[in-house]
Amino acid sequence: MRSLLLGRYDTAGRFQYTGRTTTLPQAAGRTVAALLTPADSGHPWTGWSFSAGWGTRESLDVTLVRPELVVEVDVDIARDASSRWRHPARWHRPRPDLTPADIHDSAPLSGAA
C-alpha cells in the first residue's frame with residue numbers, strides 16, 4: 001500500500017472524499033493494509049478515477065475498502081471549494097479505537113460529491 005484516499009461522513013451521512021496521504025512508509029503500509037477490508041458493492045466512490053498527481057492525466061490504481069478505519073493524519077488548513085484538503089495529509093497512525101462516528105470537524109463538508 002503506497003497511500004490512502006481519505007474521506008469522512010458529512011452531516012447528511014454521505015461519505016465524502018477529503019484528500020489523500022503522502023506516500024506511506026513501507027511498515028505503515030503493511031500495518032494499515034492488515035486493518036482494511038475490501039469494499040462491498042455500492043461503495044460511494046465506485047466508478048471514480050483519482051489523479052496520480054497535480055497536473056497529471058495519469059490515474060491511480062485504487063482498491064476501494066469499507067470506510068470504517070479511522071486514521072490520524074496531519075494536514076494544513078488549506079481547503080478547496082469542496083472542503084477537500086489542498087495538500088496531501090501526512091500519515092501518523094491507525095486509530096482502531098475510534099469509529100467514523102467519533103470524528104468531528106469545525107469546518108463542515110459541503111454537499112458536493
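Using amide H atoms built in the peptide plane, which far-off residues or other-chain residues are under 5 Å from ALA89 H to H?
Long-range HN contacts for ALA89: ARG20, THR21, THR22.
Per-residue HN-Hα couplings for segment 86-96, Karplus 6.51 cos²θ - 1.76 cosθ + 1.60 at θ = phi - 60°, whole Hz, x for Gly and Pro?
These are the phi-based 3J(HN,Hα) values: 6, 10, x, 7, 9, 5, 10, 5, x, 10, x Hz.
Kindly write out, for segment 64-78 in residue order, the coupling ³J(HN,Hα) from the Karplus curve 6.51 cos²θ - 1.76 cosθ + 1.60 (θ = phi - 60°), rounded to whole Hz, with x marking Gly and Pro.
Here the 3J(HN,Hα) series is 6, 10, 4, x, 10, 7, 8, 10, 9, 9, 10, 10, 8, 8, 5 Hz.
What does the extension gain come out to for ARG2 and PHE15, with contour length at 0.36 nm per residue minus their alpha carbon separation?
Taking 0.36 nm per residue and subtracting the Cα distance, the gain is 2.5 nm.
Counting alpha carbon pairs within less than 8 Å and at least 6 residues apart, what relative contact order, in whole percent, applies to segment 1-99? Present the calculation step by step, with values, prior to reporting the outcome.
On the way: 145 pairs, mean separation 26.6, N = 99.
Reported as a whole number, the value is 27 percent.
Hey, what do the phi angles of segment 42-52 turn into as Karplus ³J(HN,Hα) couplings, whole Hz, using 6.51/-1.76/1.60 and θ = phi - 60°, x for Gly and Pro?
In residue order, the calculated couplings are x, 4, x, 9, 4, x, 6, 10, 10, 5, 6 Hz.
Readers should treat all values here as calculations from the given coordinates under stated rules, not as data from a laboratory. All values derive from a computational prediction rather than experimental measurement.
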